[in-house]
Structures are given as C-alpha cells and as structure tokens.
Amino acid sequence: MWSIPKGEFGPDEDPLAAARREFTEETGFTASGDFVPLTPLKQPSGKVVHAWAVEGDYDAALVRSNTFVFKGREYPEIDRGAWFTIDEAKRKILRGQMGFLDELVSGRARS
C-alpha cells in the first residue's frame, strides 16, 4: 500500500507547517506554491490526517527519506516514491486516504 507523506504535529504547531516539514523529511524535496487544504480524514486507527494539495514537479527517482531506528537497525521512513494516474492511485493508496483523491477528482478542493 502507498501513503501520502504524513506525521504528527503538536498543539502549538501550524498543521500546514508540519505537513511541509514532513514532506521534506520523507522525500528530500521542499514543497512550495499555493497549498489547497483538503478535508481532514479520520483513519481506521482513529488518527485524523490533514492534507493539502499543491502543484509540483519532482523526480520520484530522486526521493531521499530520513531514517528511523527500530530494534537497533536503521530504516528509511519511506522506501520509494512514484507518480500515479488517479486510477492507479486509487488502487494503491491506503483505504483511509482514498477520500483525498475523491475530493481532488470531484473538484471540491478549493484554495
């Protein structure tokens, strides 16, 4: 399964600033432009994911993630990045994030 870059943010942190930070940590790229807020989605785990859409042009082959340590071994936070058509993305994305794609396709996402 595939997922959008995401992470947690504290009560005093701006959610968009956190999303931009997580995007950079998980991809090595810096996102900029007109960010369009999407409707937050509650995941099956109960966690609420906030997301934004922004136009960009990044080479997915150049994704370089930060790492984490688990049981004494270091792992990348993500193993690779890729671009998909909407139909491909709907087959691959985590079920709890499908609503983001639906909102983008429907045109409900507005800046």
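Miscellaneous remarks
- Surface per residue (accessible, 1.4 Å probe) for the stretch 6-111, Å²: 70
- Note on the stretch 26-111: Cα-only Rg and Dmax are 14.7, 46 Å.
- Applying 1/(1 + (r/R0)^6) with r as the Cβ-Cβ distance of Val69 and Leu94 and R0 = 35 angstrom yields a FRET efficiency of 0.90.
- Compactness of the stretch 9-52 as Cα Rg over 2.2 N^0.38 Å, two decimals: 1.21
- The chain - percent of accessible surface contributed by carbon and sulfur, probe 1.4 Å: 53
- CD proxy at 222 nm, helix term only [per DSSP H run n ≥ 4: -39500 (n - 2.57); per residue of the chain; nearest 500]: -7500 deg cm²/dmol
The values are calculated or read from the model by the stated rules, or taken from the named source; none is laboratory data. Just so you know, these numbers come straight off a predicted model, no measurement behind them. Cβ atoms come from the backbone with ideal geometry, glycine included; neighbour counts cover every protein chain shown. Areas reflect the complete protein model, heavy atoms only, side chains present, ligands, DNA and RNA absent. Shrake-Rupley method; radii C 1.70, N 1.55, O 1.52, S 1.80 Å.
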